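The values are calculated or read from the model by the stated rules, or taken from the named source; none is laboratory data. Remember, it's a predicted structure, so these values are computed and weren't measured experimentally. Here Cβ is always computed from backbone atoms with ideal geometry, including for glycine, and neighbour counts include all displayed protein chains.
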Amino acid sequence: MAQSAANVSEEEHKKDIITKLGTVHIGMTEAELYQIFQENDRILIPKRMLDKEWHVFRDWTSKNPNDVITFYLKNGRVIWWEKQYNPSPANKGSAYEYKPGEKIDKWFFPPSKARWDGSKLKLLDWHKLVRAQKVTFILEYIKQVNETFGSNISVDVDRYILGIDYDADIAIRSWDNVLVAEAVNELLISEGKAKPKP
């Protein structure tokens, strides 16, 4: 978190966030924060879901629906925040290039029959996918999980995409070589929809 703190200017620390639901300020409690940025706006972040000092939300105060905001807490109080934007995908010319309207039967799963091998897609490449590919990746992966384990899991696809977008952005900065499928598994475990491996 020290690296993130360095990326936030002193001025940004001092500026309160004034909203129609109240004002966010340094030192406010977690309960006070959740009166403004509420649980239904919280984004699932793989491997960070259980970290009580790392709270990521859809930034409903922004005009851009892709904006998110992260609040950092210590001892139950807000110590700083930073806004994060999910960049547009670098799709053209990549191994995942997709033209809208293309007819694709199986996109990512099962890997042996799909156009792209979803079992090898890394977080570092997640931003190369356009939204239609991200939606399809999650839907096909969950379908494969259900078929493999005889389960009936369903997920909030938009919430999962935002969570993985955010995690992929962190991966780009930290060179984390995690597979997207592993990130989805972490989200399923965090929601209690899957059990961790023993």
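Could you please let me know if residue 155 is buried (at least 16 other Cβ atoms within 10 Å of the Cβ) and assigned to a loop (DSSP other than H, G, I, E, B)?
Numbers: buried (at least 16 other Cβ atoms within 10 Å of the Cβ): yes; assigned to a loop (DSSP other than H, G, I, E, B): yes.
Spelling it out, residue 155 is indeed buried (at least 16 other Cβ atoms within 10 Å of the Cβ) and assigned to a loop (DSSP other than H, G, I, E, B).
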- Task: Only residues that are farther than 14 Å from residue 138 by Cβ and in a loop (DSSP other than H, G, I, E, B): list them for region 117-128, please.
- Result: 117
- Going through region 34-69 one residue at a time, which ones are at pLDDT 90 or above and within 20 Å of residue 190 (Cβ to Cβ)? 34, 37, 38
- Starting from residues that are under 15 Å from residue 141 (Cα atoms) and aliphatic (A, V, I, L, M), keep the ones in region 158-170 and report whichever is surrounded by the fewest Cβ atoms within 10 Å (Cβ to Cβ). 161
- Residue that is at pLDDT 90 or above and out of contact with any strand residue (DSSP E or B) (no Cβ under 9 Å at 6 or more places or on another chain), where the choices are 92, 74, 99, 103: 103
- Query: For region 2-14, does any single residue satisfy the condition of being in a helix (DSSP H, G or I) and at pLDDT 80 or above?
  - Reply: no
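Of the residues 153, 164, which single one is in contact (Cβ under 8 Å) with a residue 12 or more places away in the chain and over 30 Å from residue 93 (Cα atoms)? Talk me through it step by step, then tell me what you get.
On the way: 164 fails: over 30 Å from residue 93 (Cα atoms).
None of the others qualify; the one that does is 153.
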- Do you know which residues across region 113-134 are free of Cβ contacts under 8 Å to residues at least 40 places away in the same chain and among the small types (Gly, Ala, Ser)? 114, 132
